[in-house]
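Asker: Got a structure for you, written out below as structure tokens; questions coming shortly.
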Amino acid sequence: MPEHGPSVLRIGSYGVDADALDRLIARHGAKALELPAGGGSAVRWALRQAALRALAAPPRVAGRWRDVDLLGTDGGPYTLIFRGEVARFAETVLRGDISLSVTTGAGRVTAHAVMTRGSGPARPSHEETEVCR
């Protein structure tokens, strides 16, 4: 039987108007949304939301966007860090990797998170789950 690479399991996409997010940050502060001060906030927000959608997290988990951290520069590559309840949920559904991409244009940022199914067993349980791409 031929070996197959990972197959796509789920895709999550999220688009945000950069100006609208900037207004939200001005009103509530970057710290309230757990975003870094300065540029790139829309990229980071969209990537975190797209990752939660790719996980197909139920509302009680999807609302825990603070449990998703993103390391890396605004141009990538990115490393997702799941903590707390999101990490525990990701351990139950993640059997491969999450690949991230971002498109920008006309003041809008759209992020895509593609969760692939690997051929190996589920990852061991950790309080933090790190997904690189």
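No value in this document is a laboratory result; all are computed from the given coordinates. Everything numeric here is computed off the predicted structure, so don't read it as measured data. For neighbour counting, all protein chains shown are included, and Cβ atoms are generated from backbone atoms with ideal geometry for every residue, glycine included.
Asker: Local charge sum around residue 12 (other residues, Cβ-Cβ under 12 Å, Lys/Arg +1, Asp/Glu -1)?
Answerer: Local charge sum for residue 12: +3.
Asker: Name the long-range amide H neighbours of residue 97: under 5 Å, sequence gap of 5 or more, or other chain; modelled H, no Pro or chain starts.
Answerer: For residue 97, whose amide H was placed from the backbone, the distant partners under 5 Å are 116, 118.
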